[in-house]
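What follows is a short report on a single structure.
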Amino acid sequence: MKKNYVYIVECSDKTYYTGWTNNLEKRINAHNSGNGAKYTRGRRPVKLIYFKNFNHKSEAMKREYEIKQMSRKEKDKLIKSHG
């Protein structure tokens, strides 16, 4: 079964970007090469600071949405809780 991931990267300007993917390494490389999300293109390099895997794409996408609704403070707490 293919793994699906929700992830948070920290951009060079210290902002966060949250996304989902089924190939985490490829996606982070895409962000850092300028082929990722429009948001991260001008904020490179990005650093992976949080990820969680899911068995189903729908679960990862749901969690991505939930994280995107969080405040910066809530995201900081989530990141710290997963060490």
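By count of other Cβ within 10 Å, fewest leading, how are H56, H31 ordered?
On the way: H56 12, H31 25.
In increasing order of surrounding Cβ atoms, one gets H56, H31.
Could you check the simple spin-label distance between E59 and N22, using points 7 Å along Cα→Cβ, in nm with one decimal?
Inter-label distance under the simple model: 1.5 nm.
Just want the ordering: R27, R41, R63, from fewest to most Cβ atoms lying within 10 Å of their own Cβ. Spell out each step's value before the answer.
Numbers: R27 21, R41 12, R63 17.
Arranged by neighbour count, lowest to highest, R27, R41, R63 become R41, R63, R27.
Averaged over every viewing direction, what's the projected area of the C-alpha convex hull for region 4-81? Give it in nm², one decimal, please.
On the way: hull surface 18.9 nm².
Taking a quarter of the hull surface, the average projection is 4.7 nm².
Defining a contact as two alpha carbons under 8 Å apart and six or more residues distant in sequence, what relative contact order in percent does region 1-74 show?
About 39 percent, as a whole number.
Tell me what the chain gives for mean residue ellipticity at 222 nm when only DSSP H runs of n ≥ 4 count, each as -39,500 (n - 2.57), the sum divided by the residue total, rounded to 500 deg cm²/dmol.
Values: 4 runs with 36 residues, N = 83.
Per the formula, -12000 deg cm²/dmol.
Between region 24-42 and region 53-67, how many Å separate their Cα centres?
Centre-to-centre (Cα) distance: 19 Å.
Could you give each residue of region 29-44 its phi-based ³J(HN,Hα) in whole Hz, using Karplus coefficients 6.51, -1.76, 1.60 with θ = phi - 60°, and x for Gly or Pro?
Couplings: 4, 5, 4, 6, 8, x, 9, x, 5, 4, 4, 8, 4, x, 10, 7 Hz.
From the phi of every residue in region 46-63, what ³J(HN,Hα) in whole Hz does the Karplus formula 6.51 cos²θ - 1.76 cosθ + 1.60 yield, where θ is phi - 60° and glycine or proline is x?
Those phi angles translate into 9, 10, 5, 10, 7, 7, 8, 9, 9, 7, 10, 4, 4, 5, 5, 5, 5, 5 Hz.
Taken together, the values in this text are just the output of simple stated rules run on the coordinates, not laboratory data. Everything quoted here is computed from the prediction, not taken from an experiment. Here Cβ is always computed from backbone atoms with ideal geometry, including for glycine, and neighbour counts include all displayed protein chains.
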